[in-house]
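See below for the structure under consideration.
The values are calculated or read from the model by the stated rules, or taken from the named source; none is laboratory data. Computed from a predicted structure; not experimentally measured. All Cβ positions, glycine included, derive from the backbone under ideal geometry; neighbour counts span all protein chains shown. Just the protein is used for accessible areas: all its heavy atoms, side chains included, with ligands, DNA and RNA removed. Shrake-Rupley method; radii C 1.70, N 1.55, O 1.52, S 1.80 Å.
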Amino acid sequence: MKNIYSNIYSFNKKILKKTIKSMKQGNIASLPTETVYGLAGNAYSNKAVNKIFKLKKRPKKNPLIVHYYNYSDAKKDVMFNKNFVKLYEKFCPGPVTFILKKKRNSKIVSCVTANLKTIAIRFPSHKIMRSILKKIKFPLAMPSANLSTGLSPVSALDVYQEFKEKLKIIINGGKSKIGIESTVVDLTEKPKILRPGIISPKQIKSILKINFSKKKSLIKSPGMQKKHYSPGIPIVIGKKPSKVDEAFITFGKKYKKSSNFFNLSKKADLKEAAANLYQVMRKIKNKGYKKIFVSNIPNIGPGIAINDRLKRASK
Ligand code: TXA
Ligand code: MG
């Protein structure tokens with residue numbers, strides 16, 4: 001069934017077929033995941049991958065994550081190690097991405113990995129993603145479905161707002177439950193977190209029974225260095241606004257109701273706050289506010305990922 005937007009589709013067998021056929025031809029589609037919505041294309045096809053970079057206006061030096069159905073699919077392209085196996089068994093499918101060495105005979109086209117010898121892989125848990133990945137014979141290169149440096153989308157309408165009719169297929173899979181991008185863990189040498197996410201450093205440490213490397217890796221996730229996750233208006237952290245045309249993002253129940261106040265979680269639940277973060281920032285931007293202030297968010301568990309995104313968005 002079609003929605004009022006001609007390129008947003010509910011999921012069913014017919015759209016599954018249509019999407020797979022389109023991706024086989026080297027086209028891209030926006031698909032829902034449990035973290036954020038992605039722009040998916042055949043990772044073995046230069047045509048498809050180039051389309052992704054072009055549409056997102058993403059710099060070619062920023063590599064993409066490759067998404068697989070399971071372990072045995074990924075084995076064709078990637079060299080596994082013990083740490084990977086431990087984390088895979090605990091967290092996959094789920095919101096975590098692993099940086100590993102790419103196999104020499106891998107068919108992944110070199111622009112996916114920005115010519116690096118390493119590759120980022122993920123096994124998403126969203127039902128729709130899993131039913132698509134199960135049916136295709138190629139993995140999916142899939143960055144978040146937003147214009148480069150902007151806010152990641154957590155609904156089909158958010159994706160539509162980013163790309164309008166430039167996409168032929170956007171599959172509506174409901175609001176992304178986690179709402180922020182996957183945790184990225186570099187496992188090529190001593191494990192290191194490159195991008196915090198809902199799976200926290202503490203959880204990963206407890207599985208690997210190690211401490212993280214303090215050494216700076218040569219190639220960091222490019223998203224770590226630049227302005228990123230930005231709603232396109234200034235963000236000030238740890239202060240209250242002084243005018244009504246400025247929005248205030250709050251957390252917990254100590255703040256009174258006000259039309260320019262937006263609470264991430266009244267019950268002070270950091271998971272819920274993470275799930276609401278991008279949606280709230282997008283809403284504030286769409287309402288025409290000129291500036292965002294944010295109250296302090298506890299820097300523990302999911303709070304680490306929230307503060308990471310806020311800090312980059314405020315750059
Ligand atoms: O939750 C997610 O991971 C979402 C959904 C759609 O799966 N995807 C996502 O992709 O956030 P993207 O492209 O927006 O972010 C991928 C991050 C970037 O910061 C990129 O630099 C990093 O992963 N990355 C990819 N390959 C890498 C590599 N070989 N080494 C280091 N970082 C890498
Ligand atoms: Mg992104």
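Quick check, is GLU181 in contact (Cβ under 8 Å) with a residue 12 or more places away in the chain, more than 15 Å from ligand 1 (Cβ to nearest atom) and of a type in the set (Asp, Glu)? Walk me through it before giving the result.
Values: in contact (Cβ under 8 Å) with a residue 12 or more places away in the chain: yes; more than 15 Å from ligand 1 (Cβ to nearest atom): no; of a type in the set (Asp, Glu): yes.
For GLU181, the condition - in contact (Cβ under 8 Å) with a residue 12 or more places away in the chain, more than 15 Å from ligand 1 (Cβ to nearest atom) and of a type in the set (Asp, Glu) - is not met.
Among the residues making up segment 140-159, those that are assigned to a loop (DSSP other than H, G, I, E, B) and within 12 Å of ligand 1 (Cβ to nearest atom) are MET142, PRO143, ALA145, ASN146, LEU147, SER148, THR149, LEU151, SER152, PRO153, VAL154. When LYS256 is tested against the conditions (1) over 26 Å from THR183 (Cα atoms); (2) touching a residue at least 12 places away in the same chain (Cβ under 8 Å); (3) out of contact with any strand residue (DSSP E or B) (no Cβ under 8 Å at 6 or more places or on another chain), the lone failure is (2).
Only one of the listed residues (VAL244, VAL236) is farther than 26 Å from PRO63 by Cα and either under 22 Å from the mean Cα position of the chain (by Cα) or touching a residue at least 60 places away in the same chain (Cβ under 8 Å) (or both). That residue is VAL236.
So that you can scan it fast, the table gives a plain yes or no per residue for (1) open to solvent by 40 Å² or more (accessible area, probe 1.4 Å); (2) under 18 Å from LEU64 (Cβ atoms):
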| site | (1), (2) |
| --- | --- |
| GLU165 | yes, no |
| LYS168 | yes, no |
| ASN172 | yes, no |
| LYS175 | yes, no |
| GLY179 | no, no |
| VAL184 | no, yes |
| ILE193 | no, no |
| GLY197 | no, yes |
| SER200 | no, no |
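Scanning segment 138-156 for residues that are without any contact (Cβ under 8 Å) to a residue 12 or more places away in the chain and over 27 Å from TYR278 (Cβ atoms) turns up nothing. Within segment 160-188, if we keep just the residues that are among the hydroxyl-bearing types (Ser, Thr, Tyr) and in a loop (DSSP other than H, G, I, E, B), the residue that is farthest from ASN27 (Cα to Cα) turns out to be THR188.
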